[in-house]
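Okay, so here's the structure we're looking at.
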Ligand code: UDX
């Protein structure tokens, strides 16, 4: 780059102006919440439609509570949006990079092209001391590589610093997780970056949020390690479900008994159709891939097994439905309740529910999908499936019902009323979310992975199942 301007002393900006690059799920939430916390924020994206929608007060995806926060943030005058990197470079004292790192086509590796592009576009344009902060989930070593890249393209050379601040927000709880995270992790290379990050998160730190300050590679590892642990916990209980299926044991009762051991705990121990979404599946794959590259593939080889157990649950769910309808799915009408990878989300990326619907369809079943929020995204991903606008329409005349995403609407429906709509009272509870006794009493053939056919719900002393596993 040709233009150089004098570098101001590396002072800390007490109330930094922020840009957030990438206004997808993570970035939009971060930008909105930072404005709510009192910062001046500029959201940046290359997608003009997203920017227009957000600037007009529309959140382009489903996330409870976020539209209300967007409205408040816009009204405050502290939140603006642009597609211009020039404007972003001029505006920000700190720049958060929140672009996606999807699974690369035909590989388990993470596709880093959007991250590289965001850092390069910014670094080429920034002419005063600023901090670039990566939030995207990346393979270990990426931040170090990007540090070199930034130094090469920046007019400031290595004066333009980079830090990493992994994000742990869950879809469905994005606002709460961003405003009140259970911890903050700062991966930094200098005391200056550390101090500048503290200013950028001052309101959250002042709440007493635990802060862990690390080097760059540790901060990258924290995120993939956390997601690997969560995925492993889910696959552990689903592996136990396989053992239950072979022995007549009941995985629901097993999980409840295990959850009372405080060393194990009940969270992420809920058996069923397993994990999906835009994070857990691709993150464990990218981690295993990166570990191979680093020569420590053996250390995380178990993640391949975690992935396989997870995928087997989908296949097993199809087998259960096939068995229930008499061994052949051809021409059978199946109501698929749920398409999103989890309730309170319209995200269908790697969604177990849609995968099951697809497999049923491939075997010749007449599948009708209904999801309260994700029908549109599901239709885009799988246009061949039939979609219903209501649960009633989906289940009417069904030969079997498959509960695939545990939306409240499905969990609370009356078993007898539902029974009056279907052709046969057969239900597979893919999420262990229904009251098995209520369904059995209402004359349904109720099945769930890892539970014996005539399983009864055993009343727990003081915990409701939701409390235990939430
Ligand atoms: C996850 C991490 O939780 C979050 O910290 C990270 O930032 C992003 O990835 P998210 O993808 O929103 O968040 O979903 P999460 O709530 O973790 O659920 C993942 C999947 O696991 C869902 O498909 C869910 O249905 C499934 N799941 C979860 C189970 O099958 N059993 C459980 O006990 C818990």
*Among the candidates 369, 356, single out the residue that is touching a strand residue (DSSP E or B) at 6+ places or on another chain (Cβ under 7 Å) and in a strand (DSSP E or B).*
369
_For segment 147-190, give me the residue count where each residue is more than 10 Å from the ligand (Cβ to nearest atom), touching a strand residue (DSSP E or B) at 6+ places or on another chain (Cβ under 9 Å) and closer than 17 Å to residue 220 by Cα._
14
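Mind telling me which of the residues 242, 220 ends up being outside the structural domain of residue 100 (by TED's automatic domain parsing), away from the ligand (no atom under 12 Å from the Cβ) and under 30 Å from residue 407 (Cα atoms)?
242 is the lone residue from the list that is outside the structural domain of residue 100 (by TED's automatic domain parsing), away from the ligand (no atom under 12 Å from the Cβ) and under 30 Å from residue 407 (Cα atoms).
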*Could you run through segment 130-165 and say how many residues are touching a residue at least 60 places away in the same chain (Cβ under 8 Å) and within 23 Å of the chain's Cα centre (by Cα)?*
11
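For the condition more than 19 Å from the chain's Cα centre (by Cα), within 24 Å of residue 152 (Cβ to Cβ), outside the structural domain of residue 408 (by TED's automatic domain parsing) and in a loop (DSSP other than H, G, I, E, B), what is the one hit in 99, 46?
Values: 99 fails: more than 19 Å from the chain's Cα centre (by Cα).
One residue alone meets the criteria, 46.
Just to check your reading of the model, which residue among 248, 208 is more than 16 Å from the ligand (Cβ to nearest atom) and touching a residue at least 40 places away in the same chain (Cβ under 8 Å)? Before you say what the answer is, go through the steps one by one.
Values: 208 fails: touching a residue at least 40 places away in the same chain (Cβ under 8 Å).
Exactly one residue qualifies, and that residue is 248.
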_Only listed residue being surrounded by fewer than 24 Cβ atoms within 10 Å (Cβ to Cβ), within 28 Å of residue 252 (Cα to Cα), within 16 Å of the ligand (Cβ to nearest atom) and in the same structural domain as residue 274 (by TED's automatic domain parsing), chosen from 352, 372_ = 372
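Return the residues of segment 102-129 that are part of a loop (DSSP other than H, G, I, E, B), touching a helix residue (DSSP H, G or I) at 6+ places or on another chain (Cβ under 8 Å), in contact (Cβ under 8 Å) with a residue 40 or more places away in the chain and over 22 Å from residue 29 (Cα atoms); say none if nothing qualifies.
To start, the set of residues in segment 102-129 that are part of a loop (DSSP other than H, G, I, E, B) comprises 102, 104-109, 111-112, 126-129.
Still in the list and also touching a helix residue (DSSP H, G or I) at 6+ places or on another chain (Cβ under 8 Å): 102, 107-109, 112, 126-127, 129.
Imposing the further condition that a residue be in contact (Cβ under 8 Å) with a residue 40 or more places away in the chain reduces the set to 102, 107-109, 127, 129.
Those that are part of a loop (DSSP other than H, G, I, E, B), touching a helix residue (DSSP H, G or I) at 6+ places or on another chain (Cβ under 8 Å), in contact (Cβ under 8 Å) with a residue 40 or more places away in the chain and over 22 Å from residue 29 (Cα atoms): 107, 108, 109, 127, 129.
Name the residue, out of 319, 363, 323, 305, that is more than 22 Å from residue 238 (Cβ to Cβ) and at pLDDT 95 or above. Walk me through it before giving the result.
On the way: 319 fails: more than 22 Å from residue 238 (Cβ to Cβ); 323 fails: more than 22 Å from residue 238 (Cβ to Cβ); 305 fails: more than 22 Å from residue 238 (Cβ to Cβ).
Unique residue meeting the criteria: 363.
Select, from 334, 311, the only residue that is crowded, with 23+ Cβ neighbours inside 10 Å and in the same structural domain as residue 278 (by TED's automatic domain parsing). It would help to see each step written out before you state the result.
Numbers: 311 fails: crowded, with 23+ Cβ neighbours inside 10 Å.
Only one candidate passes the filter, namely 334.
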*Filtered residues of segment 295-337 (kept if in a loop (DSSP other than H, G, I, E, B) and more than 26 Å from the chain's Cα centre (by Cα))*: 295, 296, 325, 326, 327, 328, 329, 330, 331, 332
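Which residue, of 146, 132, 162, is modelled with pLDDT of 95 or more, crowded, with 19+ Cβ neighbours inside 10 Å and in a helix (DSSP H, G or I)?
On the way: 132 fails: in a helix (DSSP H, G or I); 162 fails: in a helix (DSSP H, G or I).
That would be 146, the only listed residue that is modelled with pLDDT of 95 or more, crowded, with 19+ Cβ neighbours inside 10 Å and in a helix (DSSP H, G or I).
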*Does residue 340 satisfy the condition of being surrounded by 21 or more Cβ atoms within 10 Å (Cβ to Cβ), in a loop (DSSP other than H, G, I, E, B), modelled with pLDDT of 95 or more and not assigned by TED's automatic domain parsing to the domain that holds residue 62?*
yes
*Scan the helices (runs of 4 or more DSSP H) fully inside segment 169-270 and keep the ones with 1 or more residues being under 26 Å from residue 299 (Cβ atoms) and more than 23 Å from the chain's Cα centre (by Cα).*
216-247, 251-259
*Please go through segment 277-309 and pick out each residue that is within 12 Å of the ligand (Cβ to nearest atom) and over 17 Å from residue 226 (Cβ atoms).*
309
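The values are calculated or read from the model by the stated rules, or taken from the named source; none is laboratory data. Bear in mind that the values here come from a model prediction, so they are computed numbers and not experimental data. Note that each Cβ is placed from the backbone with ideal geometry, even for glycine, and that neighbours are counted across all protein chains shown.
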